[in-house]
Every structure is written in structure tokens, then in C-alpha cells.
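The values are calculated or read from the model by the stated rules, or taken from the named source; none is laboratory data. All figures in this text were calculated on a predicted structure; none of them were measured in a lab. Cβ: placed from backbone, ideal geometry, glycine included. Neighbour counts: every protein chain shown. Side chains included, ligands, DNA and RNA excluded: accessible areas come from the protein's heavy atoms. Shrake-Rupley method; radii C 1.70, N 1.55, O 1.52, S 1.80 Å.
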Amino acid sequence: MTDRRRTPLNGARGLVLGITVAVLADAASVGLLATSGWFIAACAIAGATVGSLFSYVAPSGAVRAFAVARIATDYVQRVLLHRAALDGLRRVRGEYFAAAAAAAPPGTGSDVVVGERLDRAMVDADTVAMRPIRVLAPACSYLVLFVVGVIVTAQTGTVAAVVLAALGVGAPAAALLVHAAAPGRRAVRAADRRRALLRADLVTAIGAWPEMRSLGAGARLRAALLAETARGAAADARMRRRDARLDAVVGVFAAVAVAAVAGAAGGPGATAEGVVLVVLLATGIVAHAASVPGIVRAAVAARAARSRLRFSGAAEGGPAAGPSAGIDASFADGRLRLAHYEVPESVHAPAHSVQADLAVGDALVVTGASGAGKTTLLEALAVTIGEDPARRVLWIPVDDYLFTGTIGDNLRLADPELDDARITAGLRDLDLVGLSAETAVGVGGRELSGGELTRMRVLRGVLSRPEVLLVDEPTVGLDADAATRTLAFLREGMRHGVLVLATHSPAGLPRSYDDATLLSVDGMSSRVPS
């Protein structure tokens, strides 16, 4: 397992250190601009003066020192701030999924972890996590440099200092006023929703493309997506034009401030190199005003994203009554007890109650016709006995997801210590010929058949070594020989725990299931536990 112990560079301490180094990097950049400009001007004047005793050693050393300091601090602040951002991304995503799981456990039918809401949540998590880089560090640099700039320019004249201070306050005030307007907030929310919907539509279109093309609807689907993309691009262009107008206003303020500083510095008794030093110093500081609109935009977006990520079951209307309603099940001391489960009336049988009592090493086979409620029962068990985080309860639905990566990446999701030898043995036991731990799957990788996907989800479940494994239809897409092999692998692989599987055809069970408990949800099976 990876070592998650905190070091001095993690958490708040690392963030503060990163922001401090970022401020130093910006200060070194401004210092380099001012001193190098002054040095060039001084050398030019000394070269044109007869008998000049100007020494370039000390000033050139200062220029080199600022240059080295800028390079070093810029590198360090990037490492620290990106580390803080990644740590924040891990924390924010973890909080979201923890809240989602608490608000809507598996099987309740909630969409908090699928579709548009999941897409929006991941974008919001990225936005919040990037706040140290896009908001905190540049805002602190802006504040410190402008305070220092006002103090320095005050030495040249009160008017210059007042103009610079007005710019320092006016730039963020103008940006806040623009983004506080209701149309601006509505535009941002609409843009976020539009992008999320477009991404969801694109993913759906890619998956459905062969079917749509065979129906002759490919051209219409393509045209609809292009039209939707064009509308989104036009709306984004309008937002960019609004932001550009704000940037232009701030730029005008900055030019006025630099002109005022230049006028004040060029008073009686001023030297040419002194004027260059003050003007370039002011220019470097004022240039940070151009970043203010971007800082405000990022801050507003991060705040909105954070508010969207904070939800609870009550805020979302509470978790709906799902398949766990009416079930009395528990898993403790190595025993899985199903004391009461009301199977609703269906076309196959009237409403009735089922129960079961299983120990470690036992298997429960839930049988019944299609639509009788097998999947609903397994979902109910997953919700009820899976509520205890100390218990390892794994639920594998028919549409269990295979992530983009390698076979090994997918199988190590629940057990990072899983070695290639165990993976290879499992692939061989399930007759997954041509696959290895290094085989790429998903986007850009090998496309697995339906039968291969079925065996992959079974293999992932068994290698995870849960205390209770719930598998829905583990033989979908398999021929008779492959189905028998897969069922036998499940039985032997779960001797250390409790196996619960749902199948519509118990007749195909191998001999290793002779001691298994059959639980019918439609009253048709021959061995129903009392």
C-alpha cells in the first residue's frame, strides 16, 4: 500500500510555504526587471561620460542574483502549489464520493455518481483543487507587491503613490462588481451546464454510433452535435468579450498609474537611471493588475463549485426508498442472515417472504425467471450489509465497469498488492486467452467481448477477496463450457467467505454447488431454505 503519512510539505503547511515562495518568485521577477533596466541605463550613461568611474561589478551581481532567485523560486513554488492542488483534488473528490455514498447507497437509483451530475462534480472538484494556483498565490503576490510599490513610489511623490494605490484597490473592485452582476452568474452557470451536457451527449453518441449509423441516423446525430457545439462556442465567445472589456479597463488604469509614476520620478534633481529604476519597478508591479480579473473569475468559479459539491441527502431530497426497504439482513461473526425479505407480487408469483442463513464457505444461489426480482434482492443485500465500512462486501452488477488502463490496473483497484502471478493464474483459470496483466483495455486498448467482460468482472471480484461477494448473472454471454468453468472458479475462489449469486438457470450449476442453498424469488426452485 502507498504511504499516506503526512510530511511537512503536505496540508496547510505546504500550502502556506508554496504561497510564500510564489510571492518571492514574483518579487524576484519585478526586482530583475527594475535592476536590469537601471543597470542598462547606468552603463549607457557611464559610457557617454568622459572619465566615468562607474563599476558594473556590484550591479551585475544584483541582476544575476535576481535572475537565479526568480528561476529557483518559480520552480519551487510550482512543485509546492501543484502538490497542494493534487492533495486538494484527492480530498475534494473523496469528500464528494463519501457524501454521495451516505446520501444514496448503491441500489437506491440515485444519479449522484453517474451521468451529468458526476461530470459536473468532477469539473467542480478540479476547479476547487486549482484554487491555490489560480487564486491564493496570485492574490497574495498582488497584495504584497502593491503594498511595497505604494511605499516605494511614495518616495518619489505623493501623487504617484495615490494613483498606484487607486489602481491597487480599483482593479479588484471593478472585477468584483462585474462578476457580482446577476447576468454574469447566470452565464457562468449556463456555460457549466452546457459543457456538462455536451460531454455527456458526446460520450453517448460515441457509444451508440454503430447503431445510429445502421439506422441511417448518423448524419442527423452528427449535425445535432455540431449545432450544439456551435451554440456553446458562441456563448463562450460572448463571455470572453465581456472579460476582455474588463481587462481593457484595468489596462487603462495601469497605463495611467505608470505615467503618473514616471511624471513624479522625473522631477527636479532626478537622474536618468533613477527614473528608469522607478518606472520599471512600477511597471513590474502594475503588470500584476492585469491578473486581477482572472483571479476574481477563478475565485468566483471556485466558490460556486464548492457550494455545488456541498450536498446532503436532505438537500437533494433525501435518498429515495430503494431495494433495501423491507429487508432484515445482517452479516456478523462470519454469518450472513437474511431473516425477512418481502418479494413483491409479480406475473410469476404472488407476494411472499424469503430467508436464508449462511456461514463462511457457503454459497447462496438466488434463482427465478427474468423480472422476478433476483437483482433487486442482491441490491438490497448490498445496501443493507454494505453499510458497515468494516465489512468487505462487494457487489458486482451485470454492467460492472471496466476502466481505461491495463488488465492489471483494473484488477488492482481493490487490492493494490496483487502481483502479476496471481493475475496470470486467474486469467488462465477462466480461459481468458491472449490477455495478461499488461494488456491495455478501454479507450485506445483492446475491445473485450461480452463473455470476456463477464469473466473479467468475476475475476476482479474473486481476487478482491471480500467477505461477501454478490454477483448478478455471472454467466451472461458465456457458452456452456465457459459458464461451468466460471461458476466453478467463483465457488472455489470464495471458500474463504460467503458467495451470493443470481442466475435464471440453476440447472447449469456444476457439482461444486451441490451443497449450495437455492433461494427462489418466484417459488419455482426445488430447494428453498426454510
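Kindly list the number of the only condition in (1) over 39 Å from the mean Cα position of the chain (by Cα); (2) open to solvent by 10 Å² or more (accessible area, probe 1.4 Å); (3) of a type outside the set (Lys, Arg); (4) modelled with pLDDT under 85 that fails for Thr484.
Just one mismatch for Thr484, condition (4).
From Ala321, Ala315, grab the single residue that is modelled with pLDDT under 75, closer than 30 Å to Leu499 by Cα and open to solvent by 50 Å² or more (accessible area, probe 1.4 Å).
Numbers: Ala315 fails: closer than 30 Å to Leu499 by Cα.
Selected residue: Ala321, the only one of Ala321, Ala315 that is modelled with pLDDT under 75, closer than 30 Å to Leu499 by Cα and open to solvent by 50 Å² or more (accessible area, probe 1.4 Å).
Mind listing whichever residues of the stretch 78-101 are in contact (Cβ under 8 Å) with a residue 60 or more places away in the chain and crowded, with 16+ Cβ neighbours inside 10 Å?
Leu80, Leu81, Arg83, Ala84, Asp87, Val92, Tyr96, Ala99
For Gly251, all conditions in the list (1) closer than 17 Å to Phe146 by Cα; (2) open to solvent by less than 30 Å² (accessible area, probe 1.4 Å) hold save one; what is the number of the exception?
Going through (1) closer than 17 Å to Phe146 by Cα; (2) open to solvent by less than 30 Å² (accessible area, probe 1.4 Å) one by one, Gly251 breaks only (2).
Evaluate the following for Leu478: is it in contact with a Lys or Arg (Cβ under 9 Å, 6 or more places away or on another chain), over 26 Å from Gly368 (Cβ atoms) and among the hydrophobic types (A, V, I, L, M, F, W, C)?
No, not satisfied.
Can you pull out every residue in the stretch 52-77 that is crowded, with 18+ Cβ neighbours inside 10 Å and of a type in the set (Ser, Thr, Tyr)?
Of everything in the stretch 52-77, just one residue is crowded, with 18+ Cβ neighbours inside 10 Å and of a type in the set (Ser, Thr, Tyr), namely Thr73.
Filter the stretch 488-498 down to the residues that are among the aliphatic types (A, V, I, L, M) and open to solvent by 10 Å² or more (accessible area, probe 1.4 Å) and list them by number.
Matches in the stretch 488-498: Ala488 only.
Which one of the conditions (1) within 22 Å of Arg335 (Cα to Cα); (2) without any contact (Cβ under 8 Å) to a residue 60 or more places away in the chain; (3) crowded, with 16+ Cβ neighbours inside 10 Å does Leu469 fail to meet, given that it meets all the rest?
(2)
Restricted to the stretch 325-342, and to residues that are part of a loop (DSSP other than H, G, I, E, B) and at pLDDT 65 or above, which residue is surrounded by the fewest Cβ atoms within 10 Å (Cβ to Cβ)?
Within the stretch 325-342, the first condition is being part of a loop (DSSP other than H, G, I, E, B), and the residues that meet it are 325-326, 333-334.
Now restrict to residues that are at pLDDT 65 or above: 333-334.
Working: Asp333: 8, Gly334: 13.
The residue in question is Asp333.
Can Thr49 be described as over 28 Å from Val16 (Cα atoms) and either in a loop (DSSP other than H, G, I, E, B) or within 47 Å of the chain's Cα centre (by Cα) (or both)?
Details: over 28 Å from Val16 (Cα atoms): yes; either in a loop (DSSP other than H, G, I, E, B) or within 47 Å of the chain's Cα centre (by Cα) (or both): yes.
Yes.
What number goes with the only condition from (1) more than 30 Å from Arg134 (Cα to Cα); (2) surrounded by 18 or more Cβ atoms within 10 Å (Cβ to Cβ); (3) at pLDDT 80 or above; (4) among the β-branched types (Val, Ile, Thr) that Val360 does not pass?
(2)
Could you check Leu459 against (1) in contact with a helix residue (DSSP H, G or I) (Cβ under 6 Å, 6 or more places away or on another chain); (2) outside any helix (DSSP H, G or I); (3) within 30 Å of Arg335 (Cα to Cα) and say which number it fails?
(2)
Exactly one condition in (1) crowded, with 23+ Cβ neighbours inside 10 Å; (2) more than 34 Å from the chain's Cα centre (by Cα); (3) part of a helix (DSSP H, G or I) is not met by Leu519; state its number.
Result: Leu519 passes all but (3).
Just to be sure, is Thr475 over 21 Å from Gly405 (Cα atoms), of a type in the set (S, T, N, Q), open to solvent by 10 Å² or more (accessible area, probe 1.4 Å) and part of a helix (DSSP H, G or I)? Please lay out each step first, then the result.
Values: over 21 Å from Gly405 (Cα atoms): yes; of a type in the set (S, T, N, Q): yes; open to solvent by 10 Å² or more (accessible area, probe 1.4 Å): yes; part of a helix (DSSP H, G or I): no.
It is false that Thr475 is over 21 Å from Gly405 (Cα atoms), of a type in the set (S, T, N, Q), open to solvent by 10 Å² or more (accessible area, probe 1.4 Å) and part of a helix (DSSP H, G or I).
For Leu453, are the conditions met, namely being part of a loop (DSSP other than H, G, I, E, B) and touching a residue at least 40 places away in the same chain (Cβ under 8 Å)? First the steps, then the outcome.
Details: part of a loop (DSSP other than H, G, I, E, B): no; touching a residue at least 40 places away in the same chain (Cβ under 8 Å): yes.
Taking the combined requirement at face value, the residue does not satisfy it.
Going by the conditions given, is Val300 under 25 Å from Asp514 (Cβ atoms) and either at pLDDT 60 or above or open to solvent by less than 50 Å² (accessible area, probe 1.4 Å) (or both)?
When the stated conditions are applied, Val300 does not pass them.
Looking at Glu345 and the list (1) modelled with pLDDT under 80; (2) buried (at least 16 other Cβ atoms within 10 Å of the Cβ); (3) of a type outside the set (A, V, I, L, M), which single condition is not satisfied?
Result: Glu345 fails condition (2) only.
Within the stretch 227-248, is there a residue that is open to solvent by 40 Å² or more (accessible area, probe 1.4 Å), part of a helix (DSSP H, G or I) and at pLDDT below 70?
No: the stretch 227-248 contains no residue that is open to solvent by 40 Å² or more (accessible area, probe 1.4 Å), part of a helix (DSSP H, G or I) and at pLDDT below 70.
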